[in-house]
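Trainee: Can you keep this structure in mind? I'll have questions shortly.
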Amino acid sequence: MNKIVIETPLTDDIVENLKAGDMVLINGYVYTARDAAHKRLIKLINNDAPLPFDLKGQIIYYVGPTPAPPGKVIGSAGPTTSSRMDSYTPLLLSLGLKGMIGKGQRSEEVKQAIQKYKAVYFLATGGAGALLSRHIVLAEEIAFPELGTESIKRLLLKDFPVIVAIDCHGGDIFKRSI
């Protein structure tokens, strides 16, 4: 099993070198978005309105972090169930999104879109939100503040640990036998 350190934004070269099962440390900026934020992003796209960030090469982390305790940049920041974003994901991938971080399996439509648009789906450890938050060194809200914890935030990650769950070559850790 490979252990790979990557920087954001993602490029085709980075994504093409990742294989299902690889252990990865992510460094750089990612964006948070859960169900409500995805719905708003799609509405902006459908209305030809500008997005709060450029999707090209970016990673969306499916997380609704808790408020930051004193002295911390963010509270607990564990992944949410990714399948809740499946209906929105193919369109976002078609517009340049390169990666997603979450937990759980993805639909067949999302898997096909990951291959078609050379993207990657990463798993973060569910139930370890407090530990994962130690790898977030900056958090700033950039859109939809009225959504509270589900607003879109820009996070700066330092050695954020994930596993490649679905790669752009069709590899899927959920389909592997032990």
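The values are calculated or read from the model by the stated rules, or taken from the named source; none is laboratory data. Since the structure is predicted, the reported quantities are computational estimates derived from the model, not experimental observations. Note that each Cβ is placed from the backbone with ideal geometry, even for glycine, and that neighbours are counted across all protein chains shown.
Trainee: In the list T89, T66, T32, T80, which residue meets the criterion of being among the hydroxyl-bearing types (S, T, Y), under 25 Å from G127 (Cα atoms) and in contact with a Gly (Cβ under 6 Å, 6 or more places away or on another chain)?
Mentor: Result of the check over T89, T66, T32, T80: T66.
Trainee: While we're here: Those residues that are among the acidic types (D, E) and surrounded by 16 or more Cβ atoms within 10 Å (Cβ to Cβ), I need them from segment 11-50; list them, please.
Mentor: Matches in segment 11-50: D22, D35.
Trainee: Sticking with this one: Which of the residues spanning segment 140-167 are crowded, with 22+ Cβ neighbours inside 10 Å and over 19 Å from L25 (Cβ atoms)?
Mentor: The answer is I152, K153.
Trainee: Would you confirm whether or not segment 35-46 contains a residue that is part of a loop (DSSP other than H, G, I, E, B) and either farther than 16 Å from F160 by Cα or in contact (Cβ under 8 Å) with a residue 24 or more places away in the chain (or both)?
Mentor: Looking for residues that are part of a loop (DSSP other than H, G, I, E, B) and either farther than 16 Å from F160 by Cα or in contact (Cβ under 8 Å) with a residue 24 or more places away in the chain (or both), one finds none in segment 35-46, hence no.
One line per residue, one yes/no per condition, for (1) within 13 Å of the chain's Cα centre (by Cα); (2) modelled with pLDDT of 95 or more; (3) farther than 19 Å from K3 by Cα:
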{"site": "S87", "(1), (2), (3)": "no, yes, yes"}
{"site": "E109", "(1), (2), (3)": "no, yes, yes"}
{"site": "A113", "(1), (2), (3)": "no, yes, yes"}
{"site": "P145", "(1), (2), (3)": "no, yes, yes"}
{"site": "I152", "(1), (2), (3)": "yes, yes, yes"}
{"site": "L155", "(1), (2), (3)": "yes, yes, yes"}
{"site": "V162", "(1), (2), (3)": "yes, yes, no"}
{"site": "D167", "(1), (2), (3)": "no, yes, no"}
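Trainee: If you don't mind, there's one more thing I want to ask. Go through (1) touching a helix residue (DSSP H, G or I) at 6+ places or on another chain (Cβ under 9 Å); (2) farther than 20 Å from E16 by Cα for P161 and report which single condition fails.
Mentor: (2)
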